[in-house]
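Q: The structure follows.
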Amino acid sequence: MSVRVRRVYEAPRSDDGVRVLVDRLWPRGLSKDAARVDEWPKALTPSTELRRWYHAGEASYEEFGRRYEAELAAPEAAERLDHVRELAAKGAVTLLTAAKAPEESHASVLVRLLEG
């Protein structure tokens with residue numbers, strides 16, 4: 001299984017495989033053609049409330065991860081997560097995010113769950 005995280009603003013690479021945008025909002029200043037996004041499963045993204053809470057700086061990344069995992073247990077989110085897991089079992093998947101620090105974002109939580 002090959003799942004990686006890249007910033008959506010980076011140029012697409014030939015080895016990206018299926019490119020999945022995992023942000024709820026479309027990245028600012030980026031055209032859909034330039035992003036080359038194959039899938040955008042909004043049900044897989046953190047809720048607006050959770051995202052705002054985390055970005056307010058009131059929580060640790062670990063607590064954010066726990067709350068996000070709880071959100072991913074909802075039926076629609078779990079179904080989307082299974083779909084991405086199936087894609088990764090067939091070939092490379094690149095999770096795209098606009099986060100400035102992808103290693104401390106929801107994308108890293110997704111990678112851990114997909115690979116675990």
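Q: Can you name the number of the only condition in (1) surrounded by 14 or more Cβ atoms within 10 Å (Cβ to Cβ); (2) closer than 14 Å to residue 5 by Cα; (3) of a type in the set (A, V, I, L, M, F, W, C) that residue 101 fails?
A: (1)
Q: In this structure, does residue 12 turn out to be more than 16 Å from residue 104 (Cβ to Cβ), touching a residue at least 24 places away in the same chain (Cβ under 8 Å) and either aromatic (Phe, Trp, Tyr) or surrounded by fewer than 17 Cβ atoms within 10 Å (Cβ to Cβ) (or both)?
A: yes
Q: Hey, another quick one. Could you list, in sequence order, the residues of the range 44-66 that are touching a residue at least 12 places away in the same chain (Cβ under 8 Å) and at positive phi?
A: Answer for the range 44-66, where residues must be touching a residue at least 12 places away in the same chain (Cβ under 8 Å) and at positive phi: there is none.
Q: Same structure again: Quick check on my filter: what residues within the range 72-85 are surrounded by fewer than 17 Cβ atoms within 10 Å (Cβ to Cβ) and over 13 Å from residue 20 (Cα atoms)?
A: 73, 74, 75, 76, 78, 79, 82 - these are the residues of the range 72-85 that are surrounded by fewer than 17 Cβ atoms within 10 Å (Cβ to Cβ) and over 13 Å from residue 20 (Cα atoms).
Q: Shifting gears a bit: Look through 95, 114 and report the one residue that is out of contact with any Asp or Glu (no Cβ under 9 Å at 6 or more places or on another chain), at negative phi, modelled with pLDDT under 95 and surrounded by 18 or more Cβ atoms within 10 Å (Cβ to Cβ).
A: Answer to the check: 114.
The values are calculated or read from the model by the stated rules, or taken from the named source; none is laboratory data. Small disclaimer: the values here were computed from a predicted structure and weren't measured. Cβ coordinates were reconstructed from backbone atoms using ideal geometry, including for glycine residues, and neighbour counts include every protein chain displayed.
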